Each structure stands twice: as C-alpha cells, then as structure tokens.
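Values in this text are rule-based calculations from the coordinates and carry no lab data. Quantities reported herein were computed from a predicted structural model and do not represent experimental measurements. Reconstructed Cβ throughout: ideal geometry from the backbone, glycine too, with neighbour counts over all protein chains shown.
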Amino acid sequence: MRVEFRPLETKDLEIVFCWRSHPRIYKWARHQSQPLDWDEHEKWFETLPSLSVYYIMEWSGRRVGLVGLDANDWVSIYVGDESAIGNNVATKGLKWICKKMADRAPLFAEIHVDNTSSKNLFKKVGFNFVSENENWEIYEYSI
Ligand SMILES: CC(C)(COP(=O)(O)OP(=O)(O)OC[C@H]1O[C@@H](n2cnc3c(N)ncnc32)[C@H](O)[C@@H]1OP(=O)(O)O)[C@@H](O)C(=O)NCCC(=O)NCCS
C-alpha cells in the first residue's frame, strides 16, 4: 500500500502530540524522557528553523507517523499508529526522506543500542554505523 507524504501543519500538532507522548515512542527519543508539554510542543513547531523539515506519513488514508530532518541533518522517524507498525511504512518513509534530502547528505541518526527495530530499519535503508557513546549509536547515510 502506498505511503503519502506532506509537510507537517498546525492541524497535525494534536496527533503528533499524542504520538510523541506515548512511551513506546519517547522511550527511544534522544532528548525526551517523559510525555510532552503542550505549550512546549506548540512552541517547538512555531520556532522550527527553516532547515528543519518534517513530513506526515499517510498510509491507508490516514495519518500514521512522522519523518523528518532537523537543521543539522539528524533524521527522526516514528510510526505513531500502532495498526500501521510492521507494514513497511517506516522503510518507505526513510527511503523517501533520504532521496528527497539527498543534497543535504550525509544524514545522521542517533539510535539507542537496545532499539533493535530502528537499527535494523536504518541499516536496511543504507545507514552505516559510525560510533557509540553511552548507549547511543551514531549512524550515517552518504551518497
Ligand atoms: C522503528 C519504527 C519506525 C519501525 O517501524 P515499522 O513500521 O516496524 O517499520 P517497517 O515495517 O518499515 O520495518 C522496517 C524494518 O525494521 C525492522 N524491524 C521492525 N520491527 C522489528 C522488530 N520487532 N524486531 C526487529 N526488527 C524490526 C526490520 O528490519 C524491518 O524490516 P524487514 O521487515 O524488511 O525486516 C517503529 O517501530 C517506531 O516508530 N518505533 C518507535 C520510535 C523509534 O524508535 N524511532 C526511531 C528512533 S531512531
């Protein structure tokens, strides 16, 4: 099934807030260890630098996750809708962002050592392990 991509908009903030406040998602986030605060979430969106680009992933006619790149070329991806997990959405999303942002390569990812599914995903799409620091592994995608 196709995965469609469109830029993150204000109308998506509530669903992204729900996804990012779920422990299944934030337990693997480098800079988040608890559910989000709504005001900070809104501020995050309103003050995004122009080089930060985030896209909603739509699958089966609904919003299921987010993929993007911050201003320093670090990739984020998560599938917030449980029912979409394991359907290749993340694989398509990661391949898509790597292709779309190819002019910004190398792209980077920081992944917890225990996040096996994410490590498998990034390696499958062509990211290479670079280094490890205190349980966080750095991966790099070059073209
Ligand atoms: C990581 C995540 C995005 C993968 O989403 P997904 O829907 O399972 O992704 P896909 O269906 O495209 O699977 C991609 C690959 O991930 C790996 N994978 C997925 N689930 C896995 C599991 N339970 N165990 C091991 N590897 C797994 C596999 O390599 C899989 O490819 P394959 O099926 O060809 O072997 C999703 O689990 C998620 O949102 N996790 C929480 C947030 C997160 O960790 N984000 C990344 C932070 S760096």
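To the nearest 0.05, what FRET efficiency results for Arg30 and Ser50 with a Förster distance of 25 Å applied to their C-beta separation?
So, using R0 = 25 Å, E works out to roughly 0.65.
In segment 1-92, which GluC sites (Glu not before Pro) fall in coil by DSSP and have 14 or fewer other Cβ atoms within 10 Å?
Counting only loop positions with at most 14 other Cβ atoms within 10 Å, the GluC sites (Glu not before Pro) in segment 1-92 are Glu9.
For the chain, please report how many Lys pairs fall under 18 Å Cα to Cα, leaving out neighbours fewer than 8 apart on the same chain.
Going through the chain pair by pair, I get 12.
Between Ala105 and Glu40, how high is the FRET efficiency from 1/(1 + (r/R0)^6) when r is the Cβ-Cβ distance and R₀ = 30 Å? Nearest 0.05.
0.50
In whole percent, what relative contact order does segment 3-101 give with Cα contacts below 8 Å and a gap of six or more residues? Don't skip to the end; give the middle numbers.
Values: 128 pairs, mean separation 25.1, N = 99.
Result for segment 3-101 is 25 percent.
What dipole magnitude, in Debye to the nearest 20, does segment 21-143 give about its Cα centre under +1 on Lys/Arg Cβ and -1 on Asp/Glu Cβ?
Roughly 660 debye for segment 21-143.
Along the charge dipole of segment 3-101, Cβ charges K/R +1 and D/E -1, which of Ser50, Ile85, His22 sits furthest on the positive end?
Among Ser50, Ile85, His22, the one farthest towards the positive end of the dipole of segment 3-101 is Ile85.
Restricting to Cα pairs below 8 Å that are 6+ residues apart, what does the relative contact order work out to for segment 1-61? Please round to a whole percent.
Value for segment 1-61: 57 percent.
Where in segment 8-52 does the amide nitrogen come within less than 16 Å of the point 7 Å from the Cα of Asp73, taken along Cα to Cβ?
51-52
Assuming a ≥ b ≥ c are the square roots of the Cα gyration tensor eigenvalues, decide whether the chain counts as rounded (a/c under 1.5), prolate (otherwise, with a/b larger than b/c) or oblate. Walk me through the numbers before you get to the answer.
Values: a/c = 1.30, a/b = 1.20, b/c = 1.08.
Rounded, because the longest to shortest axis ratio a/c is under 1.5.
Assuming 0.36 nm per residue, please report the length gained on full extension of the stretch Asn88 to Ile143 beyond their Cα-Cα distance. Present the calculation step by step, with values, prior to reporting the outcome.
Working: separation 55, 0.36 × 55 = 19.80 nm, distance 2.24 nm.
Contour length minus Cα-Cα distance gives 17.6 nm.
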